[in-house]
1. Quantify how strongly other chains surround peptide B:58-65 by giving the mean number of their Cβ atoms within 10 Å of each of its Cβ atoms.
2. Can you show me the helix-derived [θ] at 222 nm for chain B, built from DSSP H runs with n ≥ 4 at -39,500 (n - 2.57) apiece and divided by the number of residues, rounded to the nearest 500.
3. For B:LEU6, list long-range residues whose amide hydrogen, built 1.01 Å from N in the peptide plane, is under 5 Å from its own amide hydrogen.
4. Report the trypsin sites (Lys or Arg not before Pro) located in the range B:26-94 that are in a DSSP loop and have at most 15 other Cβ atoms inside 10 Å of their Cβ, or state none.
5. Starting from the exponent 0.38 and prefactor 2.2 Å, build the expected Rg for the protein assembly as shown from its residue count and divide its actual Cα Rg by it.
6. What average number of partner chain Cβ atoms lie no more than 10 Å from the Cβ of the residues making up A:76-82?
7. Taking every residue in B:34-47, how many Cβ atoms of other protein chains lie within 10 Å of its Cβ, on average?
8. Putting +1 on Lys and Arg Cβ atoms and -1 on Asp and Glu Cβ atoms, find which of A:MET96, B:PRO31, B:HIS81 reaches farthest to the positive end of the dipole of the protein assembly as shown.
Amino acid sequence: MSEERARILGMLAEGKITAAEAETLLDALASTIEESTAATPGPAPASDWPTGPSASGTPKFMYVKVTGKDKVDVKVPLALLRAGLKLTSLIPPQAMDQINESMGEAGMSIDFNNLKPEDIEEIIASLREMEVNVQASDGNHVRVFCA
Amino acid sequence: MILPPLVIDVRVKEAGTRGFRIWFPFVLLWPLLLVIVGFALIVALLVDAALCLSGARYHHYSLLLLKSLHLLAEVRGTHAHVVGSDSLVDVDIY
């Protein structure tokens, strides 16, 4: 826990400030972090990323966005997924059997031996139409889509 | 041509701290990576040749190695930006 955050919580515990005041201070603290980090040079901000699935063409990236209490922006190239799926066809059979067994135990009965190169391209192309929207009970909104 | 990552940029900041930023030029590791992969590829080719001659069904270790390198290269373009209540983490791979 940071020094400022601990100090605010300490003031709240001592009764020097109310819970509402503590919340305001903590919010201000969080926005200060974001502003100071945004001022440092870095990549294009996540606000420039697409806000939904692309209407046409092959998707290039998978986006995971969480808004609400926490803020998460993740962008993963779909070429990584493609390369990973192609790699599975080259994994030694003994190792692949173990992977399939472990995945089966975890409740994901996917047999990667059945994946063919043409299936991989079809999966990637179909991802354009995929969109996952989850409204969590803690107020966070999770979106997963490809564009 | 598909190349491995050039730079890995990691920024971590917590409230009340200066935070830190690691701007790691992965490109400097390319020569070392080239030597390791070159050596591993020779070994894998010899193993594959031996397996093929012995009649084993699986003899694709050299391909597996090359595809693994391809997977590493495709990591380029990954970005992660996480803002918590009192911390911020940014990871960018170029």
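A short reminder: the numbers here are calculations on the coordinates, not readings from a lab. Treat the numbers as computed from the prediction; the structure is a model and nothing was measured. Note: ideal-geometry Cβ built from the backbone for every residue, glycine included; neighbour counts use all protein chains shown.
1. On the way: counts 7, 1, 4, 2, 1, 3, 6, 1.
Partner-chain Cβ atoms within 10 Å, mean over residues of B:58-65: 3.
2. Details: 2 runs with 37 residues, N = 94.
Mean residue ellipticity at 222 nm (helix-derived): -13500 deg cm²/dmol.
3. Sorted by chain and number, the residues that satisfy this are B:TYR94.
4. On the way: sites: B:ARG57, B:LYS67, B:ARG76; in loops: B:ARG57, B:ARG76.
Answer by residue number: B:ARG57.
5. Values: Rg = 23.2 Å, N = 241, 2.2 N^0.38 = 17.7 Å.
So the protein assembly as shown has a normalised radius of gyration of 1.31.
6. Details: counts 6, 7, 2, 8, 9, 1, 3.
Per residue, the number of nearby Cβ atoms from other chains is 5 on average.
7. Values: counts 0, 0, 0, 0, 0, 0, 0, 0, 0, 0, 0, 0, 0, 0.
Counting Cβ atoms of other protein chains within 10 Å of each residue's Cβ and averaging gives 0.
8. The listed residue farthest towards the positive side: B:PRO31.
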